[in-house]
Amino acid sequence: MKWFQKRGSPAAAPVQLRETGHHPFGLLGGYVPLRSGETRLYRAVREAVPVVDAAIYKLIRMAGGVTAACSDKTAERALEEFLRTVPAGRGQYGINAFLEGYLDSLLTCGRAIGEIVPAAGNRDIAAVLWGRVEDVEIREGDNPLAFVICGPDEQGRMGPLPYQDLLLFTPLNPEADSPYGVSLLRGLPFLTDILMKIYHTIGVNWERCGNVRFAVTCRDGGNGQAAERSQMLAGEWSRAMQDTKSGSVRDFVAVGDVDIRVIGADAPVLDSQVPVRQILEQVVAKTGIPPFMLGLSWNSTERMSSQQADMLTTEITAIRRTLTPVVERICRLWLRMHGYTCGLEVQWEDINLQDEVEDARAALYLEQARKLRIENDAAETAQKT
C-alpha cells in the first residue's frame, strides 16, 4: 500500500499587481468616505473638473468683503485698520484674505480650521491663519457643546492642542452623528468618475482615429504573385506617405484589384454631448450658480433672471451666516486686548447681482406703490370724516 499520493499541479498564484485606474484621477472610482481620505478625494474632484473649481472660487468671490461697526467710533477706526492689515499667512494681509482661504477649506472639505496668533505680551493679535483640516481631529465631550480640537505632538501622537480659545473651527452643515460637517462636493465623486471616463475615452478615440491608418488590400486574381505585388505596393505606399510628411504631393498608382480603406472609419463615434450635459447639470445644481456664470451656454439668453438672483443671494447669505461668528470672535478678542468694552456688529458688503437699471426700476415701482397707498389712505380718511 502506497503511503503517499501523487500531488496535483499547484494552483496559479493570484495577481498582485493591478491597474489602479483608467484615467489620471483613478481615486474617484474607489470612493470610500473616510474622514481624512475625503479631503484628498474632494480636492481631486476640483482638479479633475474645472467647472467645480470655478464654481467654488466664484462663491468665495461673491461672499464679498466684511467690516465691523462699533458704538465707539475711535475703536471702530482702529478695528478697521486692524482688519485691513492683519497678516493672514503666505504673503496675504487682511481679514478678507483669511476668509478666502478659510471659506475655500470650508466648502471643499466641509470644515475649516484657523488660529489667532497673539503678539508678544498678549496685547495685540500678530496674525490670523487658516490651517490644514487633515492635521486635526475633533473629540466630542460629555455634552453636545463640549469638544476638543486635537493635533499631532512632537512624537506624532494626536492630543489636545494647548490653547483652545485661540483656535477657530467651523463645520459646514454638520450632521448629528459627526462633528466634521459636510462638503459642498458630497455626491459628486460618482458623477465625476463617469465624466472622467467619458473624457478619457474621447481622448483615446482621438488618439487612435486622429492619426489615420490605412488598410491596403491587393487581390491577385489567382496568378500566384500576391507576395511580390504586396511588397511592391507596401514600398510605394510607404514612400508616398513619407513624401506627404515632407509637404510634397505624390500620387499612388497600382495595377490590379487594389482596395484602400481607412481603419476604423466605419465605426460609429458615440455622442458625448447629452451625457456630459446631464452630468454637468447635476454639478451646477449642487453649486447653486447659474450655468452661464460657469461658461455653459445652455440658454438663449445670457441675463440672470430674478429667480436665479434670489436663489444665489440666499446661498451667499447662508455662507455669510456661517462665517460671521468667526469674524466676531476675532474682532471681539482684538477689542478686549486693546481695552475697548464696546459691542460690535459684523457688516458685509451689499450683494449686487442685478443691473443698475433693474434696481432703479424696482425702486421706482416701490415708490409708486407707496404713493398710491398714501393717497388711498388719505381718501379713506376723508370719507370717514
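The values are calculated or read from the model by the stated rules, or taken from the named source; none is laboratory data. From a predicted model like this one, the values you see are computed outputs, not experimental measurements. Using ideal geometry, Cβ is built from the backbone for each residue, glycine included, and neighbour counts are taken over all protein chains shown.
So, SER71, is that one of a type in the set (Ser, Thr, Tyr) and under 22 Å from the mean Cα position of the chain (by Cα) or not? The answer is no for SER71. When PRO118 is tested against (1) surrounded by fewer than 20 Cβ atoms within 10 Å (Cβ to Cβ); (2) within 15 Å of VAL327 (Cβ to Cβ), exactly one condition is not met: (2).
Taking segment 77-153 as the region of interest, the strands (runs of 3 or more DSSP E) fully inside it that hold 2 or more residues being not hydrophobic (A, V, I, L, M, F, W, C) are 87-89, 111-118, 137-140, 147-152. Among the residues of segment 146-166, at least one is over 31 Å from the mean Cα position of the chain (by Cα), polar (S, T, N, Q) and either within 23 Å of ILE125 (Cβ to Cβ) or exposed (fewer than 13 other Cβ atoms within 10 Å of the Cβ) (or both). Put simply, of THR85, THR170 the only residue that is surrounded by 16 or more Cβ atoms within 10 Å (Cβ to Cβ) and not acidic (Asp, Glu) is THR170. Would it be correct to say that LEU59 is exposed (fewer than 10 other Cβ atoms within 10 Å of the Cβ) and either over 23 Å from the mean Cα position of the chain (by Cα) or at pLDDT 60 or above (or both)? Considered against the rule, which asks whether it is exposed (fewer than 10 other Cβ atoms within 10 Å of the Cβ) and either over 23 Å from the mean Cα position of the chain (by Cα) or at pLDDT 60 or above (or both), LEU59 comes out as no.
Please verify whether GLU76 is acidic (Asp, Glu), surrounded by fewer than 17 Cβ atoms within 10 Å (Cβ to Cβ) and modelled with pLDDT of 90 or more, treating the condition exactly as stated. Taking the combined requirement at face value, the residue does not satisfy it. Just one residue in the set VAL133, VAL128 is closer than 20 Å to GLY89 by Cβ and in contact with a Phe, Trp or Tyr (Cβ under 6 Å, 6 or more places away or on another chain); that residue is VAL128. The single condition among (1) closer than 21 Å to MET337 by Cβ; (2) in contact (Cβ under 8 Å) with a residue 40 or more places away in the chain that GLU100 does not satisfy is (1). Scanning segment 143-173 for residues that are in contact with a strand residue (DSSP E or B) (Cβ under 8 Å, 6 or more places away or on another chain) and under 23 Å from LEU59 (Cα atoms) yields a count of 5.
Among residues that are on the phi > 0 side of the Ramachandran plot and crowded, with 17+ Cβ neighbours inside 10 Å, GLY110 is included. With respect to the stated conditions, GLY235 is more than 30 Å from GLY187 (Cα to Cα), at pLDDT 75 or above, over 26 Å from the mean Cα position of the chain (by Cα) and not hydroxyl-bearing (Ser, Thr, Tyr). Pairs linking a residue in segment 47-66 that is farther than 11 Å from ILE289 by Cβ and assigned by TED's automatic domain parsing to the domain that holds VAL276 to a residue that is surrounded by 20 or more Cβ atoms within 10 Å (Cβ to Cβ) and of a type in the set (Lys, Arg), with Cβ atoms under 6 Å and 6 or more positions apart or on different chains, are ASP53/ARG46.
For segment 198-211, the count of residues that are in a helix (DSSP H, G or I), in contact with a helix residue (DSSP H, G or I) (Cβ under 7 Å, 6 or more places away or on another chain) and acidic (Asp, Glu) is zero.
With respect to the conditions (1) at pLDDT 85 or above; (2) within 22 Å of TYR42 (Cβ to Cβ); (3) not hydroxyl-bearing (Ser, Thr, Tyr), PRO160 falls short on a single one, namely (2). Here is the figure for segment 269-300: residues that are among the hydroxyl-bearing types (Ser, Thr, Tyr), touching a residue at least 24 places away in the same chain (Cβ under 8 Å) and either farther than 22 Å from GLY110 by Cα or not assigned by TED's automatic domain parsing to the domain that holds LEU106 (or both) total 1.
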